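Below is one structure, written out as C-alpha coordinates, with a few remarks after it.
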Amino acid sequence: MNLQDAQLTKLTGIKYFTPPSEYCLSGRDGMVSISWADNPPIPLLEEDYVALENTVFPDYDMVGRGIYQALRLNPDCIGAQSYAAVLKDAYPHIISELGGQIIMLQAKEVDTPYLDRKINFLKIMALIDPDNAGLLLEIARTYTDKGSRLSSLQHAVTSWYAAAEYLKKATDLNPEDLHAAYEYGEALYVLGRYEQATIAWSDLIPRLESAERSQVEARVAAVLAGKTPIVPPLDYLTAISVAVEQHQNGFSDDAAAIINDVLADPVFIKQFPMNEVYYLLGTCYQEIGLMDEAAEAFKRS
(Lines give C-alpha, C1' and ligand atoms only; values in the text may rest on other atoms or scores of the structure.)
Protein backbone atom coordinates (compact mmCIF):
# COMPACT_ATOMS: atom_id res chain seq x y z
CA MET A 1 0.00 0.00 0.00
CA ASN A 2 1.39 3.39 -0.99
CA LEU A 3 1.86 5.58 2.05
CA GLN A 4 0.38 8.50 0.15
CA ASP A 5 -2.93 6.60 0.03
CA ALA A 6 -2.78 5.08 3.51
CA GLN A 7 -5.02 6.14 6.34
CA LEU A 8 -2.74 8.33 8.42
CA THR A 9 -2.33 7.99 12.17
CA LYS A 10 -4.38 10.53 14.10
CA LEU A 11 -2.16 12.47 16.48
CA THR A 12 -3.21 15.17 18.93
CA GLY A 13 -2.10 18.61 17.75
CA ILE A 14 -0.95 17.33 14.34
CA LYS A 15 -2.47 17.97 10.90
CA TYR A 16 -1.13 16.47 7.69
CA PHE A 17 -0.20 18.39 4.56
CA THR A 18 0.09 16.64 1.21
CA PRO A 19 2.51 18.59 -0.98
CA PRO A 20 2.54 18.39 -4.77
CA SER A 21 4.90 15.86 -6.31
CA GLU A 22 7.44 18.55 -7.18
CA TYR A 23 7.82 19.72 -3.57
CA CYS A 24 11.40 19.72 -2.33
CA LEU A 25 12.41 20.23 1.30
CA SER A 26 15.29 22.66 1.46
CA GLY A 27 17.17 24.34 4.26
CA ARG A 28 20.43 24.88 6.14
CA ASP A 29 21.74 27.29 3.51
CA GLY A 30 21.39 24.79 0.70
CA MET A 31 22.89 21.83 2.58
CA VAL A 32 19.47 20.14 2.62
CA SER A 33 17.56 19.35 -0.55
CA ILE A 34 15.17 16.40 -0.36
CA SER A 35 12.53 15.54 -2.92
CA TRP A 36 9.28 14.66 -1.18
CA ALA A 37 7.80 12.68 -4.09
CA ASP A 38 8.13 9.26 -2.40
CA ASN A 39 7.40 10.37 1.17
CA PRO A 40 4.06 10.30 3.02
CA PRO A 41 2.09 13.48 3.81
CA ILE A 42 3.92 15.89 6.09
CA PRO A 43 2.84 16.04 9.75
CA LEU A 44 2.63 19.65 10.91
CA LEU A 45 1.83 21.29 14.22
CA GLU A 46 -1.71 22.65 14.02
CA GLU A 47 -0.48 26.23 14.38
CA ASP A 48 2.00 25.72 11.54
CA TYR A 49 -0.71 24.19 9.38
CA VAL A 50 -2.87 27.27 9.96
CA ALA A 51 0.08 29.48 9.06
CA LEU A 52 0.22 27.84 5.62
CA GLU A 53 -2.62 30.16 4.63
CA ASN A 54 0.04 32.83 4.24
CA THR A 55 2.63 30.64 2.49
CA VAL A 56 2.67 28.13 -0.34
CA PHE A 57 4.52 25.23 1.29
CA PRO A 58 5.76 24.40 4.80
CA ASP A 59 9.30 25.59 5.36
CA TYR A 60 12.27 23.67 6.78
CA ASP A 61 11.53 24.53 10.42
CA MET A 62 7.83 23.67 10.12
CA VAL A 63 8.60 20.23 8.71
CA GLY A 64 11.20 19.50 11.38
CA ARG A 65 8.92 20.54 14.21
CA GLY A 66 6.03 18.51 12.86
CA ILE A 67 7.96 15.33 12.21
CA TYR A 68 9.69 15.43 15.59
CA GLN A 69 6.42 15.96 17.45
CA ALA A 70 4.63 13.24 15.46
CA LEU A 71 7.34 10.71 16.27
CA ARG A 72 7.44 11.73 19.91
CA LEU A 73 3.69 11.17 20.13
CA ASN A 74 3.77 7.83 18.30
CA PRO A 75 6.99 6.41 16.85
CA ASP A 76 4.90 3.56 15.45
CA CYS A 77 2.74 5.88 13.37
CA ILE A 78 2.18 5.31 9.67
CA GLY A 79 5.14 6.72 7.77
CA ALA A 80 7.43 6.67 10.81
CA GLN A 81 10.38 5.14 8.95
CA SER A 82 10.18 7.78 6.23
CA TYR A 83 9.90 10.57 8.79
CA ALA A 84 12.90 9.24 10.73
CA ALA A 85 14.94 9.10 7.52
CA VAL A 86 14.16 12.78 6.92
CA LEU A 87 15.30 13.65 10.45
CA LYS A 88 18.52 11.72 9.91
CA ASP A 89 19.29 13.41 6.59
CA ALA A 90 18.09 16.94 7.28
CA TYR A 91 17.89 17.70 11.02
CA PRO A 92 21.13 16.88 12.88
CA HIS A 93 20.21 19.32 15.66
CA ILE A 94 17.00 17.36 16.38
CA ILE A 95 18.96 14.09 16.47
CA SER A 96 21.37 15.72 18.90
CA GLU A 97 18.53 16.92 21.11
CA LEU A 98 16.95 13.47 21.03
CA GLY A 99 20.21 11.86 22.10
CA GLY A 100 20.53 14.36 24.95
CA GLN A 101 17.03 13.56 26.17
CA ILE A 102 17.82 9.84 26.23
CA ILE A 103 21.09 10.39 28.10
CA MET A 104 19.27 12.50 30.68
CA LEU A 105 16.63 9.81 31.22
CA GLN A 106 19.30 7.09 31.39
CA ALA A 107 21.33 8.96 33.98
CA LYS A 108 18.71 9.01 36.70
CA GLU A 109 15.91 6.94 38.15
CA VAL A 110 12.76 8.18 36.48
CA ASP A 111 9.16 7.97 37.60
CA THR A 112 6.80 5.71 35.70
CA PRO A 113 5.32 8.46 33.44
CA TYR A 114 8.78 9.12 32.06
CA LEU A 115 9.21 5.50 30.97
CA ASP A 116 6.81 6.00 28.07
CA ARG A 117 8.74 9.08 26.99
CA LYS A 118 11.98 7.12 27.20
CA ILE A 119 10.53 4.27 25.16
CA ASN A 120 9.35 6.66 22.46
CA PHE A 121 12.71 8.43 22.27
CA LEU A 122 14.50 5.09 21.99
CA LYS A 123 12.09 3.92 19.30
CA ILE A 124 12.81 7.05 17.25
CA MET A 125 16.54 6.40 17.54
CA ALA A 126 15.94 2.78 16.51
CA LEU A 127 14.12 4.01 13.41
CA ILE A 128 17.11 6.19 12.61
CA ASP A 129 19.63 3.42 13.35
CA PRO A 130 17.73 0.16 12.69
CA ASP A 131 20.81 -2.07 12.88
CA ASN A 132 21.66 -1.00 16.42
CA ALA A 133 20.83 -4.01 18.60
CA GLY A 134 21.74 -2.05 21.73
CA LEU A 135 18.83 0.33 21.16
CA LEU A 136 16.41 -2.58 20.82
CA LEU A 137 17.78 -4.11 24.02
CA GLU A 138 17.32 -0.84 25.89
CA ILE A 139 13.74 -0.53 24.64
CA ALA A 140 13.06 -4.07 25.90
CA ARG A 141 14.60 -3.32 29.29
CA THR A 142 12.48 -0.22 29.67
CA TYR A 143 9.36 -2.22 28.87
CA THR A 144 10.46 -4.80 31.45
CA ASP A 145 10.87 -2.04 34.02
CA LYS A 146 7.43 -0.68 33.21
CA GLY A 147 5.87 -4.14 33.40
CA SER A 148 7.41 -4.85 36.81
CA ARG A 149 6.69 -1.67 38.75
CA LEU A 150 3.81 -1.73 41.19
CA SER A 151 2.72 1.69 39.95
CA SER A 152 2.36 0.52 36.34
CA LEU A 153 1.38 -3.15 36.61
CA GLN A 154 -1.87 -2.37 34.80
CA HIS A 155 0.38 -2.30 31.72
CA ALA A 156 2.17 -5.56 32.58
CA VAL A 157 0.66 -7.58 29.74
CA THR A 158 1.44 -5.16 26.92
CA SER A 159 4.83 -4.31 28.44
CA TRP A 160 6.08 -7.89 28.79
CA TYR A 161 4.88 -8.90 25.34
CA ALA A 162 6.63 -5.85 23.89
CA ALA A 163 9.77 -6.67 25.88
CA ALA A 164 9.85 -10.19 24.44
CA GLU A 165 9.36 -8.81 20.92
CA TYR A 166 12.22 -6.34 21.19
CA LEU A 167 14.53 -8.84 22.91
CA LYS A 168 13.95 -11.25 20.02
CA LYS A 169 14.84 -8.51 17.55
CA ALA A 170 17.95 -7.63 19.57
CA THR A 171 19.17 -11.23 19.72
CA ASP A 172 18.50 -11.71 16.01
CA LEU A 173 20.62 -8.64 15.24
CA ASN A 174 23.38 -9.52 17.68
CA PRO A 175 23.44 -13.24 18.58
CA GLU A 176 26.68 -12.68 20.52
CA ASP A 177 24.99 -10.57 23.22
CA LEU A 178 24.63 -13.11 26.02
CA HIS A 179 22.78 -10.71 28.31
CA ALA A 180 20.11 -10.08 25.68
CA ALA A 181 19.79 -13.81 25.06
CA TYR A 182 19.30 -14.55 28.76
CA GLU A 183 16.79 -11.72 29.15
CA TYR A 184 14.85 -13.02 26.15
CA GLY A 185 14.52 -16.37 27.92
CA GLU A 186 13.42 -14.54 31.08
CA ALA A 187 10.71 -12.66 29.18
CA LEU A 188 9.44 -15.91 27.70
CA TYR A 189 9.38 -17.37 31.21
CA VAL A 190 7.31 -14.47 32.54
CA LEU A 191 4.85 -14.99 29.69
CA GLY A 192 4.52 -18.64 30.72
CA ARG A 193 6.29 -19.96 27.61
CA TYR A 194 8.47 -22.26 29.69
CA GLU A 195 9.52 -24.63 26.92
CA GLN A 196 10.64 -21.76 24.70
CA ALA A 197 12.48 -20.22 27.66
CA THR A 198 14.43 -23.42 28.30
CA ILE A 199 15.35 -23.65 24.62
CA ALA A 200 16.64 -20.06 24.67
CA TRP A 201 18.62 -20.68 27.86
CA SER A 202 19.95 -24.08 26.74
CA ASP A 203 21.35 -22.54 23.57
CA LEU A 204 23.06 -19.97 25.76
CA ILE A 205 24.65 -22.29 28.34
CA PRO A 206 27.74 -23.44 26.36
CA ARG A 207 28.85 -19.81 25.91
CA LEU A 208 28.67 -18.81 29.59
CA GLU A 209 31.34 -18.64 32.24
CA SER A 210 31.19 -21.23 35.02
CA ALA A 211 29.21 -19.25 37.63
CA GLU A 212 26.67 -17.94 35.13
CA ARG A 213 26.40 -21.35 33.50
CA SER A 214 25.47 -22.97 36.81
CA GLN A 215 22.78 -20.37 37.44
CA VAL A 216 21.18 -20.83 34.03
CA GLU A 217 21.46 -24.63 34.22
CA ALA A 218 19.57 -24.48 37.52
CA ARG A 219 16.78 -22.43 35.89
CA VAL A 220 16.48 -24.93 33.06
CA ALA A 221 16.53 -27.92 35.43
CA ALA A 222 13.79 -26.36 37.57
CA VAL A 223 11.53 -25.89 34.55
CA LEU A 224 12.15 -29.44 33.33
CA ALA A 225 11.36 -30.72 36.82
CA GLY A 226 8.05 -28.83 36.83
CA LYS A 227 9.15 -26.34 39.47
CA THR A 228 7.41 -23.37 37.92
CA PRO A 229 4.76 -21.00 39.27
CA ILE A 230 1.25 -22.45 39.41
CA VAL A 231 0.16 -19.90 36.80
CA PRO A 232 2.40 -17.85 34.48
CA PRO A 233 4.19 -15.02 36.33
CA LEU A 234 2.43 -12.51 34.08
CA ASP A 235 -0.91 -13.67 35.47
CA TYR A 236 0.31 -12.98 38.99
CA LEU A 237 1.53 -9.52 37.99
CA THR A 238 -1.89 -8.85 36.48
CA ALA A 239 -3.57 -10.05 39.69
CA ILE A 240 -1.41 -7.69 41.73
CA SER A 241 -2.45 -4.81 39.47
CA VAL A 242 -6.08 -5.67 40.27
CA ALA A 243 -5.20 -5.64 43.98
CA VAL A 244 -3.68 -2.18 43.58
CA GLU A 245 -6.86 -0.96 41.88
CA GLN A 246 -9.06 -2.51 44.57
CA HIS A 247 -6.98 -0.84 47.29
CA GLN A 248 -7.19 2.53 45.55
CA ASN A 249 -10.98 2.13 45.33
CA GLY A 250 -11.25 1.46 49.07
CA PHE A 251 -11.68 -2.32 48.96
CA SER A 252 -8.65 -3.19 51.06
CA ASP A 253 -10.06 -6.53 52.20
CA ASP A 254 -10.45 -7.69 48.59
CA ALA A 255 -6.98 -6.40 47.75
CA ALA A 256 -5.46 -8.29 50.68
CA ALA A 257 -7.18 -11.49 49.59
CA ILE A 258 -5.77 -11.19 46.06
CA ILE A 259 -2.28 -10.47 47.34
CA ASN A 260 -2.37 -13.46 49.69
CA ASP A 261 -3.38 -15.71 46.79
CA VAL A 262 -0.29 -14.53 44.90
CA LEU A 263 2.01 -14.86 47.91
CA ALA A 264 0.80 -18.43 48.43
CA ASP A 265 2.89 -19.58 45.43
CA PRO A 266 6.41 -20.20 46.86
CA VAL A 267 8.04 -20.63 43.45
CA PHE A 268 6.80 -17.26 42.21
CA ILE A 269 7.77 -15.49 45.43
CA LYS A 270 11.28 -16.94 45.35
CA GLN A 271 11.86 -15.92 41.75
CA PHE A 272 10.15 -12.52 41.93
CA PRO A 273 10.89 -10.63 45.18
CA MET A 274 7.71 -8.96 46.38
CA ASN A 275 8.90 -6.30 48.84
CA GLU A 276 6.57 -3.63 47.49
CA VAL A 277 3.66 -6.05 47.55
CA TYR A 278 4.25 -6.90 51.21
CA TYR A 279 4.16 -3.19 51.98
CA LEU A 280 0.88 -2.87 50.08
CA LEU A 281 -0.46 -5.86 51.99
CA GLY A 282 0.54 -4.25 55.28
CA THR A 283 -1.28 -1.08 54.30
CA CYS A 284 -4.40 -3.06 53.43
CA TYR A 285 -4.30 -4.84 56.78
CA GLN A 286 -3.95 -1.51 58.58
CA GLU A 287 -7.00 -0.13 56.82
CA ILE A 288 -9.17 -3.08 57.81
CA GLY A 289 -7.91 -3.08 61.39
CA LEU A 290 -5.68 -6.18 61.37
CA MET A 291 -2.72 -4.53 63.07
CA ASP A 292 -0.72 -7.66 63.96
CA GLU A 293 -0.94 -8.93 60.39
CA ALA A 294 0.01 -5.46 59.14
CA ALA A 295 3.12 -5.38 61.33
CA GLU A 296 4.19 -8.81 60.02
CA ALA A 297 3.70 -7.76 56.41
CA PHE A 298 5.68 -4.54 56.93
CA LYS A 299 8.57 -6.57 58.37
CA ARG A 300 8.82 -8.48 55.11
CA SER A 301 8.65 -5.41 52.90
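The values are calculated or read from the model by the stated rules, or taken from the named source; none is laboratory data. Nothing here was measured: the structure is a model prediction, and the numbers come from that model. Reconstructed Cβ throughout: ideal geometry from the backbone, glycine too, with neighbour counts over all protein chains shown.
If VAL157 satisfies all but one of (1) touching an Asp or Glu at 6+ places or on another chain (Cβ under 7 Å); (2) within 30 Å of VAL244 (Cα to Cα); (3) surrounded by fewer than 19 Cβ atoms within 10 Å (Cβ to Cβ); (4) among the hydrophobic types (A, V, I, L, M, F, W, C), what's the number of the condition it fails?
Every condition holds for VAL157 apart from (1).
Which members of the range 224-238 meet the condition of being without any contact (Cβ under 8 Å) to a residue 40 or more places away in the chain and surrounded by fewer than 17 Cβ atoms within 10 Å (Cβ to Cβ)?
First pass over the range 224-238, keeping only residues without any contact (Cβ under 8 Å) to a residue 40 or more places away in the chain: 224-226, 228, 230-231, 236.
If the condition is that a residue be without any contact (Cβ under 8 Å) to a residue 40 or more places away in the chain and surrounded by fewer than 17 Cβ atoms within 10 Å (Cβ to Cβ), then LEU224, ALA225, GLY226, ILE230, VAL231 are the ones that fit.
Given GLU195, GLU217, which one is in contact with a helix residue (DSSP H, G or I) (Cβ under 7 Å, 6 or more places away or on another chain), farther than 30 Å from MET291 by Cα and acidic (Asp, Glu)?
Details: GLU195 fails: in contact with a helix residue (DSSP H, G or I) (Cβ under 7 Å, 6 or more places away or on another chain).
Within the list GLU195, GLU217, the selection yields GLU217.
Based on this model, can you work out whether SER152 counts as of a type in the set (Gly, Ala, Ser), outside the structural domain of SER33 (by TED's automatic domain parsing) and either on the phi > 0 side of the Ramachandran plot or assigned to a loop (DSSP other than H, G, I, E, B) (or both)?
When the stated conditions are applied, SER152 does not pass them.
Among the residues of the range 169-198, how many are closer than 22 Å to GLU138 by Cβ and in a helix (DSSP H, G or I)?
19
From ALA70, ALA84, which residue is in contact with a Pro (Cβ under 6 Å, 6 or more places away or on another chain), among the aliphatic types (A, V, I, L, M), closer than 23 Å to ILE139 by Cα and assigned to a helix (DSSP H, G or I)?
On the way: ALA84 fails: in contact with a Pro (Cβ under 6 Å, 6 or more places away or on another chain).
Selected residue: ALA70, the only one of ALA70, ALA84 that is in contact with a Pro (Cβ under 6 Å, 6 or more places away or on another chain), among the aliphatic types (A, V, I, L, M), closer than 23 Å to ILE139 by Cα and assigned to a helix (DSSP H, G or I).
For residues that are closer than 18 Å to PRO229 by Cβ and either among the charged types (D, E, K, R) or touching a residue at least 12 places away in the same chain (Cβ under 8 Å) (or both), tally how many sit in the range 249-274.
Quick first cut of the range 249-274, residues closer than 18 Å to PRO229 by Cβ only: 258-274.
When the remaining residues are screened for being either among the charged types (D, E, K, R) or touching a residue at least 12 places away in the same chain (Cβ under 8 Å) (or both), the result is 258-263, 265, 267-268, 270-272, 274.
Of the residues in that region, 13 qualify.
Which condition number in (1) under 19 Å from SER96 (Cα atoms); (2) modelled with pLDDT of 95 or more is the one that ALA140 fails?
(1)
Restricting attention to the range 104-114, does a residue exist that is under 17 Å from the mean Cα position of the chain (by Cα), modelled with pLDDT of 95 or more and either surrounded by 15 or more Cβ atoms within 10 Å (Cβ to Cβ) or not in a helix (DSSP H, G or I) (or both)?
Checked against the condition, which is being under 17 Å from the mean Cα position of the chain (by Cα), modelled with pLDDT of 95 or more and either surrounded by 15 or more Cβ atoms within 10 Å (Cβ to Cβ) or not in a helix (DSSP H, G or I) (or both), the range 104-114 yields no hits at all.
Starting from the range 170-188, take each residue that is polar (S, T, N, Q) and list its partners that are assigned to a loop (DSSP other than H, G, I, E, B), counting only C-beta distances under 8 angstrom and pairs at least six apart or across chains.
Here the result reads THR171/ASP177, each pair linking the range 170-188 to a residue that is assigned to a loop (DSSP other than H, G, I, E, B).
Scan the range 237-261 for residues that are of a type in the set (S, T, N, Q) and touching a Leu at 6+ places or on another chain (Cβ under 9 Å) and jot them down.
Looking only at the range 237-261, we keep the residues that are of a type in the set (S, T, N, Q), and these are 238, 241, 246, 248-249, 252, 260.
Hits for the range 237-261 are THR238, SER241, ASN260.
Tell me the residue from VAL267, VAL262 that is among the aliphatic types (A, V, I, L, M) and in contact with a Lys or Arg (Cβ under 8 Å, 6 or more places away or on another chain), please.
Working: VAL262 fails: in contact with a Lys or Arg (Cβ under 8 Å, 6 or more places away or on another chain).
VAL267 is the lone residue from the list that is among the aliphatic types (A, V, I, L, M) and in contact with a Lys or Arg (Cβ under 8 Å, 6 or more places away or on another chain).
When you check LEU204 against the structure, is it modelled with pLDDT of 95 or more and closer than 29 Å to ALA126 by Cβ, yes or no? Spell out how you get there, then give the answer.
Working: modelled with pLDDT of 95 or more: no; closer than 29 Å to ALA126 by Cβ: yes.
Here the answer is no, as LEU204 does not meet what is asked.
Scan the range 19-67 residue by residue and report those that are assigned to a helix (DSSP H, G or I), buried (at least 18 other Cβ atoms within 10 Å of the Cβ) and of a type in the set (Val, Ile, Thr). Reasoning before the result, please.
Narrowing the range 19-67 to residues assigned to a helix (DSSP H, G or I): 46-54, 60-67.
From the residues that got through so far, the ones that are buried (at least 18 other Cβ atoms within 10 Å of the Cβ) too are 48-49, 62-67.
Once the filter is applied, which keeps residues that are assigned to a helix (DSSP H, G or I), buried (at least 18 other Cβ atoms within 10 Å of the Cβ) and of a type in the set (Val, Ile, Thr), the range 19-67 yields VAL63, ILE67.
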